[in-house]
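**Q** Below is the structure I would like to discuss, written out as structure tokens.
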Amino acid sequence: MQKIRLGVIGTGLAWERLHYPAIQKMPDKYEIAALCNRTKKDAEEFAKKINLDPSNVYDDYHEMLKRKDIDAVDILVPIELNYEVSEDVAKAGKNFICEKPMAPNMEQARAFLKISEKYNVKIMIAENYRYNEENNKLKELVSSGKIGDVIYFIRNNVSCFPCEMTKDTYAGAEWRQHPDFSGGAFLDAALHDLAALRHIFGAIDCVQAFGKPQKEDFNPYISVNTNILFKNGIIGQYTYFPSGIESQRPLVGLRIFGTKGEIYLEEKSCGVINIAYSDGSSEKVSYTPEQGYYNELVNFYNAVKGTEQISVTPEIEFGDVKTVFNILESISKKEIIYVDDAPKSKVGHPTKSKETQSYILQ
């Protein structure tokens, strides 16, 4: 089977630690044809590691895109550049993967939707949580009625961004510590959790959120507490606390409560989903952690080859991004904000506000 000749824009941590290790597992599917990084030396160093000739290294992706031997592009740049770079890649006629989120604001997110309409290219947004084994198993458990009708859920995410800022981690990046986009870590990291919840439970009706402000640049709030009502009637609370440490185990994690039992996932890396039934019985469902990067690259390869559809399209990602900004809007306005479509007025017409337009997204 013919390999996809891949050009890479951005050879930082996301490429080196996430995408490239997944690509290494499928040497029959991908061949790295070119690397581009705004600091060319960094790309050159990585090229040495994989024995890629220096002539295939660039610091201007526009020059790289002129090549005819590139079938697809992997875009891993700071969030504020995602839309701009994606549009340039699409104009060059290249299929591409773009790291999440698709855009730093709603204006560019809406414009991103037009890229797939205007250019005849295949586009995947690399939201790996929608490809992770645990979230696909959770989706199946919920939809199959394993714990009866789901009533509500709790999802608690506590992490210590400040603890990681001086280390060789994602939090160590200057653009994440002082983001040039609204939402900060909530857009960058909490987006994963919200995408997973939407993947498991479906479309969201509305959100009501509160945030405790902080002065640090990396996130506008020290914590965000959000009530979410899904269109299927499931209600739950999502809490994001990126300035703390959850020091007691078991962690709160994700707990889904139903009429016949409870599903519990302590953390995405634990490798097991616990199910406890109302009759006192229980079972464990095993999974392989961190398979999202591999699964999404397999999906992209098959889509380019024409054997399956892309699972996370810009339209799917738009709903995830909109959820983030609707939560931030709810905090700011202290109002309930509708997400996946607008509420109907008494005369039956949709309410048309700036951030609650009629989008029906799963």
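Coordinate-derived values only; no laboratory data. Quantities reported herein were computed from a predicted structural model and do not represent experimental measurements. Backbone-built Cβ (ideal geometry, glycine too); neighbour counts: all protein chains shown.
**Q** Build a GNM of the chain with springs between Cα atoms under 10 Å: which of F257, F230, F46 gets the top mean-square fluctuation?
**A** Looking only at F257, F230, F46, the biggest GNM fluctuation is shown by F46.
**Q** Something else now. Average projected area of the Cα convex hull of the stretch 130-289, in nm²?
**A** Result: 10.0 nm².
**Q** Along each of the three principal axes of the Cα atoms of the stretch 113-182, give the extent in whole Å, ordering the values from largest to smallest.
**A** Result, largest extent first: 46, 42, 22 Å.
**Q** Classify the stretch 158-217 as rounded, prolate or oblate, taking a ≥ b ≥ c as the square roots of the eigenvalues of its Cα gyration tensor: rounded when a/c is under 1.5, otherwise prolate if a/b is larger than b/c and oblate if not.
**A** prolate
**Q** Modelling each spin label as a point 7 Å along the Cα-to-Cβ direction, I'd like the E174/A111 distance in nm, to one decimal.
**A** Each label point lies 7 Å from its Cα, and together they span 2.5 nm.
**Q** Which values, in whole Å and largest first, are the semi-axes of the equivalent ellipsoid of the chain obtained as the square root of 5 times each eigenvalue of the Cα gyration tensor?
**A** Here the semi-axes work out to 34, 24, 22 Å.
**Q** For E335 and S278 in the same chain, what is the full-extension length gain: residue separation times 0.36 nm, less their Cα-Cα distance, in nm?
**A** 16.9 nm
**Q** Divide by every residue of the chain the summed helix terms, -39500 (n - 2.57) for each DSSP H run of at least 4, and state the resulting mean residue ellipticity at 222 nm, rounded to the nearest 500 deg cm²/dmol.
**A** Helices in the chain give a 222 nm mean residue ellipticity of -8500 deg cm²/dmol.
**Q** For Q248 and K49 in one chain, what is 0.36 nm times their gap in residues minus the Cα-Cα distance, to one decimal in nm?
**A** 67.5 nm
**Q** Using a 10 Å cut-off on Cβ atoms, rank the peptides 83-89, 154-160, 50-56 from the highest mean neighbour count down.
**A** Packing order, densest peptide first, comes out as 83-89, 154-160, 50-56.
**Q** Could you tell me the center-to-center distance, by alpha carbons, between the stretch 184-246 and the stretch 260-280 in angstrom?
**A** Taking the Cα centre of the stretch 260-280 as reference, the centre of the stretch 184-246 is 22 Å away.
**Q** Follow-up question, since we're still on this one. Tell me which cysteines of the chain come out unpaired when the rule is another cysteine's Cβ under 4.7 Å.
**A** Cys with no partner Cβ under 4.7 Å: C36, C98, C206, C270.
**Q** So, one more: What does the highest-first list of 123-131, 212-220, 282-290 look like by mean Cβ count within 10 Å?
**A** 123-131, 212-220, 282-290
**Q** OK, next. What whole number of Å gives the distance from the Cα centroid of the stretch 1-69 to the Cα centroid of the stretch 167-181?
**A** What the calculation gives is 23 Å, centre to centre.
**Q** Right, something else. Hey, if you put +1 on the Cβ of every Lys and Arg and -1 on every Asp and Glu Cβ in the chain, which of Q177, N219, N295 ends up farthest toward the positive end of that dipole?
**A** Farthest along the dipole direction, towards plus: N295.
**Q** For the peptides 28-35, 231-238, what is the packing order when you average, over each peptide's residues, the other Cβ atoms within 10 Å and list the highest mean first?
**A** By packing density, highest mean first, the sequence is 28-35, 231-238.
**Q** Using amide H atoms built in the peptide plane, which far-off residues or other-chain residues are under 5 Å from Y221 H to H?
**A** Counting only residues 5 or more places away or on other chains, the set is Q214.
**Q** Send over the semi-axes of the stretch 20-90's equivalent ellipsoid, whole angstrom and largest first, taken as the square roots of 5 times the C-alpha gyration tensor eigenvalues.
**A** Here the semi-axes work out to 19, 15, 13 Å.
**Q** What is the spin-label model distance, in nm, from I154 to S286 if the labels are put 7 Å beyond Cα along the C-beta direction?
**A** The answer from the label model is 2.9 nm.
**Q** With point charges of +1 on the Cβ of Lys and Arg and -1 on the Cβ of Asp and Glu, referenced to the Cα centre of the chain, which listed residue (V89, Q24, L197) lies farthest in the positive direction of the dipole?
**A** Value: L197.
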